[in-house]
Amino acid sequence: MKKILLSAILSLTFINSAFAAHPQCGETELANIMGNMKDSMKAIKGAAKSNDIEKLNSVANQLLASVQKADQYVPLTITDQKQLTAEQQQKFADYKNGIAKLEQAVTALTAATNAAERKAALGQIGKAAKKGHKAFKMDCDE
């Protein structure tokens, strides 16, 4: 009985450490870029609500620059190695596809000429950001 209990405790100890956050979590260039993207998205919402088109376009251009930078990095949720396995290559391809969709949506926002086009682009930005966030965000709280 004591051996079973000891084994269970040891197993739980190792399981928790296996799921611990990466030591670089939140401290990478991509994490900084994603933080800037999050700030830009909040600013875009505020500009859209106040109908400040000039600010909306300015912030959208900043967001577009961040999205284009993010396309150059591999998220830590995939790997921190330079060589990618086949599975990691597929995940990275999914990441790049998501970034491309976000870039298309932001580009559509910068090209929007009326409220309906802006609203549609904002909806696409929200969907792309939510999907990417869900798929690739690291939990750095552990």
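Checked against the criterion of being on the phi > 0 side of the Ramachandran plot, modelled with pLDDT of 90 or more and exposed (fewer than 14 other Cβ atoms within 10 Å of the Cβ), segment 41-64 has at least one qualifying residue.
Residue by residue, here is whether (1) over 20 Å from G98 (Cα atoms); (2) in contact (Cβ under 8 Å) with a residue 24 or more places away in the chain holds:
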position: N32; (1), (2): no, no
position: I44; (1), (2): no, yes
position: D52; (1), (2): yes, no
position: V67; (1), (2): no, yes
position: P75; (1), (2): no, yes
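The lone criterion from (1) touching a residue at least 40 places away in the same chain (Cβ under 8 Å); (2) not in a helix (DSSP H, G or I) left unmet by D94 is number (2). Does at least one position in segment 102-116 carry a residue that is under 19 Å from D39 (Cα atoms) and under 12 Å from the mean Cα position of the chain (by Cα)? Scanning segment 102-116 turns up at least one residue that is under 19 Å from D39 (Cα atoms) and under 12 Å from the mean Cα position of the chain (by Cα).
Considering each residue of segment 74-84 in turn, none proves to be out of contact with any His (no Cβ under 7 Å at 6 or more places or on another chain), surrounded by 14 or more Cβ atoms within 10 Å (Cβ to Cβ) and of a type in the set (D, E, K, R).
The values are calculated or read from the model by the stated rules, or taken from the named source; none is laboratory data. Predicted, not measured: the structure shown is a model, and the values here were computed from it. Glycine gets a Cβ as well: all are built from the backbone with ideal geometry, and neighbour counts include every protein chain shown.
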